[in-house]
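Enquirer: Following this message is one structure expressed as structure tokens.
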Amino acid sequence: MKYPEGSIVRHATITRINHWITALCFVLLMLSGLAMFHPLLFWLSNLFGGGQWMRAVHPWIGVVLLFSYAGLIVQFWRDNLWTADDTAWSLSIGRVALNEEEGVPEVGRFNAGQKFVFWGMALLIPVLFLTGLVIWEVYFGALTPIPVQRIAVLLHSLCAITAILIWVVHVYAALWIRGSMHAMTQGWVTPGWAWRHHRKWFRGLAAAGSRGPVPEAGRHATPARKEP
Ligand code: HEM
């Protein structure tokens with residue numbers, strides 16, 4: 001994929017495809033899950049060709065989500081490791097919300113909020129998968145007693161609600177930070193965007209003469225400008 005001259009690569013094509021497969025699976029699981037959660041929302045099953053189709057397809061989409069998210073974990077875990085700067089950034093969240101830059105630590109490739117989303121989903125998706133297996137009647141129904149399945153349903157619902165809340169925050173932040181959606185659809189950002197939102201990451205790329213997404217990947221690429 002060709003990126004504009006002078007731009008910084010934020011997410012490689014394969015990463016973006018992986019992300020949007022994850023997003024599609026999540027939305028489909030949310031819609032079908034909500035339809036099964038409450039009779040008032042059962043009308044959503046029409047999107048899947050009726051209740052039976054929806055019930056059959058929901059767990060399989062869950063399997064795809066598990067593998068798809070595993071792909072994101074492999075690509076993103078290093079850049080999501082928690083640092084002292086993230087604690088300081090979280091403590092200055094009031095300033096961040098007011099778009100103030102004074103007193104807010106410089107941010108690496110991902111900020112503390114993004115790291116929270118990343119690790120939150122990394123915990124919830126496997127729990128959703130395992131509890132989902134227990135209640136996947138057609139294949140595993142006979143393997144566990146009813147009381148265990150009841151606990152699994154409860155845990156599955158609680159994790160799903162938490163994951164949906166985290167997803168809402170994620171989408172809100174993606175729309176709130178101008179240029180963020182562009183990063184995940186086109187793959188590149190301007191040096192100004194990187195400087196403003198992820199200055200530590202930008203400095204790292206500039207020092208390595210890389211245009212991203214990580215310093216190692218850009219060894220043979222056009223060097224990023226040192227200053228915006
Ligand atoms: C369907 C709606 C979604 C939208 C509009 C959306 C949007 C975005 C955008 C714009 C970014 C790039 C942020 C940046 O480069 O700074 C991003 C990153 C990311 N998204 Fe999503 N996303 C969606 C769904 C999901 C879901 C369902 C998951 C996980 C289950 C997810 C996991 C991630 C992860 C792990 C990153 C990388 C940032 C990090 O590691 O924290 N996204 N998303």
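Rule-based calculations on the coordinates, nothing more; no lab input. Values in this document were obtained by computation on a predicted structure and should not be read as measured data. For neighbour counting, all protein chains shown are included, and Cβ atoms are generated from backbone atoms with ideal geometry for every residue, glycine included.
Enquirer: Restricting attention to the stretch 9-25, which residues are within 8 Å of the ligand (Cβ to nearest atom) and either touching a Pro at 6+ places or on another chain (Cβ under 9 Å) or β-branched (V, I, T) (or both)?
Expert: R10, H11, T22
Enquirer: Just one of the numbered conditions (1) surrounded by 13 or more Cβ atoms within 10 Å (Cβ to Cβ); (2) farther than 28 Å from P215 by Cα is not true of W43; which one?
Expert: It fails just one condition, (1).
Enquirer: Hey, L28 hits all of (1) within 12 Å of the ligand (Cβ to nearest atom); (2) surrounded by 15 or more Cβ atoms within 10 Å (Cβ to Cβ); (3) under 30 Å from R196 (Cα atoms) but one; which does it fall short on?
Expert: Answer for L28: the failing condition is (3).
Enquirer: Let me ask something else. Which condition number in (1) crowded, with 18+ Cβ neighbours inside 10 Å; (2) of a type outside the set (D, E); (3) within 14 Å of the ligand (Cβ to nearest atom) is the one that V168 fails?
Expert: (1)
Enquirer: Residue check, A174 against (1) of a type in the set (G, A, S); (2) surrounded by fewer than 17 Cβ atoms within 10 Å (Cβ to Cβ); (3) more than 8 Å from the ligand (Cβ to nearest atom), all met but one. Which one?
Expert: Every listed condition holds for A174 apart from (3).
Enquirer: Mind counting the residues in the stretch 125-165 that are in contact with a helix residue (DSSP H, G or I) (Cβ under 7 Å, 6 or more places away or on another chain), among the aliphatic types (A, V, I, L, M) and within 16 Å of the ligand (Cβ to nearest atom)?
Expert: Total meeting the criteria: 6.
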